[in-house]
Structures are given as structure tokens and as C-alpha cells.
Amino acid sequence: SALPQRGGEVNLTLGGIDLNNSGSVVVREDKKLLTVLFPDGRDGRAFTLKAETSEDLYEWKTALEHALTQAPSAALVMGHNGIFRSDTTDTIEGSFHQWKDKRTAKSLVVGRPILLALEDIDGSPSFLEKALRFLEKFGAKVEGILRQSADVEEVDRRVQEYEQGKTEFGSDEDAHVVGDCVKHVLRELPSSPVPASCCTALLEAYKIDRKEARISAMCSAIFETFPEPNRRLLQRILKMMHTISSHSNENRMTPSAVAACMAPLLLRPLLAGECELEDDFDATGDNSAQLLAAANAANNAQAIIATLLEEYENIFDDENLQRCSISADSRVENSGSEDSSDDENPDMKDNGYHDAENEASPDTDEDPSRVLSGKLSESSGYAGSDLYDCK
């Protein structure tokens, strides 16, 4: 609505949701999620809200249920396609499953928000979560898993079958197809699993020389900068990748190889040039400079994910995570100026480009397993299609 003010000014709302009395409210108290379902008048849409406290959650629920009882019927509410709906015979009274049967246009798999990437509104595992479980159980020992591409049509067909009712993955399914289904879902997320600010924080932490300080900083970065849904999604994907890399003797997929396949999907902003690399390459210069900058970003992305994999159990250990969270709070309370913090971090590397010979120098206490080639590894070549698809 627009209300005229003094002097002819008009206050405009950013938008609104047309309510109708066919709407119902579903609450997930453990996740503090509230979903309003509209089988009529909104073409089967659902609107999910996340509250900070249980008190807010139930206050919203009470207010919305009251508003729904006062709302007009679906026949009087215009759908988002601009056509008035006249069918009001089928109304829903709190049944999620009836609403799900009515839902038509929107995909159950592709384009879901980060908040609902791992589970559906009713709390059941999502397509992505089921595919991850399949890979952990049946794909971990398959040679070249996540690296060997499946037929695109097979991937599309499996997604369609899921939306048509085949919602469980059988043990006889092609692991490469399921692996590419995971990549497809991640590629089509409306936002990056790791936002740009979080990519930058991870990159800065990764540049620290000493291993112990580096891992601690990456742990802190994850808890200080990541929104909870993004952290949970990243941790879940890494858990699957860690399981696969732990069987590298059978599947020939080392942490570095797994990271090469998945880093372009997880760290989109880093490869898209949205993060400050502080390197010597001019992104606006000639093609060779841009190629070097792109290779540098790809190397950094692969190295960050490989480090998270190799240190997965340390970084995501419950006690360690709690300690990181506490230390983050204390740093906020005792934070000094940016200048002083720079002086207190002598371990920070001067730039984001890593020279293999310098890193391998015996004068440093660098972890040998972290020494990476100055060029893309052979395994990263398999991730090329993912990188370009992502771009």
C-alpha cells in the first residue's frame, strides 16, 4: 500500500504476501522455522520464516493464524500470475502432505534456498542429503567418484524421477550419476554455499604460515563469519568428501583430488574474482595476467578445501568448535585497532600466490602435506567443467 504524506511524499512498502483463508501454519520448533502453506490463490507456494527465539516463533504463529482466519477466500486473492483464482473447494487445515501433493510448478530439488538445502520443510532429508548419504555408503570405494563425469541426461533423468516419486536412492544406482546430482544441486543453489565475505576470511586464515595457527584461524573464520545455514551445509559437504578421501587407496581420490572437484562449487566467489587476493596480478591487464590471477584463485580454492578436508576432524571437533566460539567472543570484547592487529600477525603471508620451491624450504615449519604445486594439479583438470559451469 502507499500512503500520501505531508508534502506529497509517499511511503512505499518493499512488498507483501497476499493471505487467504486456505493458508495453514507449520512449525518446526527445533529449527525455529515457521512455514505458511497456500494451496489456493498462490499456486501452491510456501513461505518459510526463521525466528531467533521460540517466543518469537510462537508469537508469529499466533499472529499469522489470526490473520489467516480474517483473510479473504482464495477466490478473492489474485495469484502471482495475475489471474484471479476461483477454486476454493479444497482447503488445507495444517496438513503438509496434502499441500505437497498439490505443489506443481517449483522444483523439489533444484534452486532451493541454503536454509532448505539439507532438509525439507517437514524435517525429512532433502534430495541433496539423501544423495550425500548414498555416496558415503555406496560411492566411497568407487574409483574416480566425484571426478568421473556422468551423462548429463542421466543426471537430469534422476532428478525428474525424484520429483515424480522415486525419492530414495537404491544401492544399485550409478554412483557417478548420484555424484553429479550433488554437483548439479550445488551449482544451481541461488547463492554460493560459502559467501564472498566468508571466502575472504578463509583465504586470510589460510595464508598464515604456522600450521597450528592456520587451523585455529580457519576454525575461527568459519564460526565468526559464516551464517549458520551456510556453515551447516559446508560441514555436511565436507563430511561426505572426507569419507570419500579416507578411501583413497581404493577410489584413487586423495583430499587434493576431491578438493579440486568440489572447490569451484563451494568457493564460487573466490573463483569468480569477488575476493581480494592481494596478489601482483592486474585483473584489468592483458590476458596472461588474468590467466595467472585465475590460476592463483583456483590454486587457493583447492588448497583451502584440501586443508579443511585434511583437518576435518580437528576443525569440526565439538570441543575445538566450542573453544573457537569462545575465543571469538573474547576477541570482540578485547579488539584493538586494525593497525595493531596487523602488527601482531607476523605469520601472515605477503600475498596469495604460493611458490612451490619457497614453501618446500626446510627453513619453514610448514606441514609437508600442504605443499602444493605452483600450477593446477592433474586432478584439478577433471573439475574444469564444474568451474566453467559455475562461471
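The values are calculated or read from the model by the stated rules, or taken from the named source; none is laboratory data. These numbers come from a predicted model, not from an experiment. Cβ placement follows ideal geometry from the backbone for every residue including glycine, while neighbour counts extend to all protein chains displayed. Heads up: the accessible areas ignore ligands, DNA and RNA and are worked out on the full protein's heavy atoms, side chains in. Shrake-Rupley method; radii C 1.70, N 1.55, O 1.52, S 1.80 Å.
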(message) Condition check: within 11 Å of the chain's Cα centre (by Cα) and part of a helix (DSSP H, G or I). Does residue 194 satisfy that?
(response) no
(request) Take residue 234 and decide whether it is crowded, with 17+ Cβ neighbours inside 10 Å, out of contact with any strand residue (DSSP E or B) (no Cβ under 9 Å at 6 or more places or on another chain) and at pLDDT below 95. (result) no
(request) Would you please name the residue that is farthest from residue 108 (Cα to Cα), looking only at residues in the stretch 31-60 that are open to solvent by 40 Å² or more (accessible area, probe 1.4 Å) and at pLDDT below 75? (result) 43
(message) If I ask for residues that are under 28 Å from residue 195 (Cβ atoms) and either touching a Ser or Thr at 6+ places or on another chain (Cβ under 8 Å) or not assigned by the TED database to the domain that holds residue 240 (or both), which ones from the stretch 136-151 would you list?
(response) 136, 147, 149
(request) Would you check which residues across the stretch 185-195 are over 22 Å from residue 137 (Cβ atoms) and either open to solvent by less than 30 Å² (accessible area, probe 1.4 Å) or hydroxyl-bearing (Ser, Thr, Tyr) (or both) and list them? (result) 189, 191, 192, 193, 194
(request) Counting only residues that are open to solvent by 50 Å² or more (accessible area, probe 1.4 Å) and modelled with pLDDT under 85, give me the helices (runs of 4 or more DSSP H) lying completely in the stretch 86-184 with at least 1 of them. (result) 96-102
(message) So, in the stretch 1-30, exactly how many residues are at pLDDT 60 or above and basic (Lys, Arg)?
(response) 1
(message) Based on this model, can you work out whether residue 214 counts as free of Cβ contacts under 8 Å to residues at least 24 places away in the same chain, of a type outside the set (Val, Ile, Thr) and surrounded by 14 or more Cβ atoms within 10 Å (Cβ to Cβ)?
(response) no
(message) So, residue 250, is that one more than 19 Å from the chain's Cα centre (by Cα), of a type outside the set (Lys, Arg), part of a helix (DSSP H, G or I) and modelled with pLDDT of 95 or more or not?
(response) yes
(message) When the residues of the stretch 266-278 are narrowed to those that are assigned to a helix (DSSP H, G or I) and open to solvent by less than 10 Å² (accessible area, probe 1.4 Å), which ends up nearest to residue 143 (Cα to Cα)?
(response) 266
(message) With the requirement that a residue be among the hydrophobic types (A, V, I, L, M, F, W, C) and either open to solvent by 30 Å² or more (accessible area, probe 1.4 Å) or free of Cβ contacts under 8 Å to residues at least 60 places away in the same chain (or both), what does the stretch 237-265 give you?
(response) 259
